[in-house]
Amino acid sequence: MLPKVQCPKCHTEAELDQVLTAQSNQNVIYRCQNCSYECRDIHTSKG
Ligand SMILES: [Zn+2]
């Protein structure tokens, strides 16, 4: 079971796997499928 994340813009809940895209440079992009909100400022647990 994947944790769910809520879009800060439209408040639609989606599984992390559905909205987070991991880049090769270890950046993670959040993209809401409902409102197309995009955020590159995701902080990962690995610092
Ligand atoms: Zn959204």
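Computed from the coordinates by the stated procedures, all read-outs in this text should not be read as laboratory data. Because the structure is a prediction, the values reported are computed rather than measured. Backbone-built Cβ (ideal geometry, glycine too); neighbour counts: all protein chains shown.
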- Note on the structure: With the convex hull built on the alpha-carbon atoms of the chain, volume per residue in Å³ sits at 82
- Note on the structure: Asserting the computed 222 nm helical MRE of the chain (DSSP H runs at least 4 long, -39500 (n - 2.57) per run, divided by residue count, to nearest 500) equals -1000 deg cm²/dmol
- Query: About its Cα centre, what dipole magnitude does the chain give when the only charges are +1 on Lys and Arg Cβ and -1 on Asp and Glu Cβ, stated in debye to the nearest 20?
  - Reply: 100
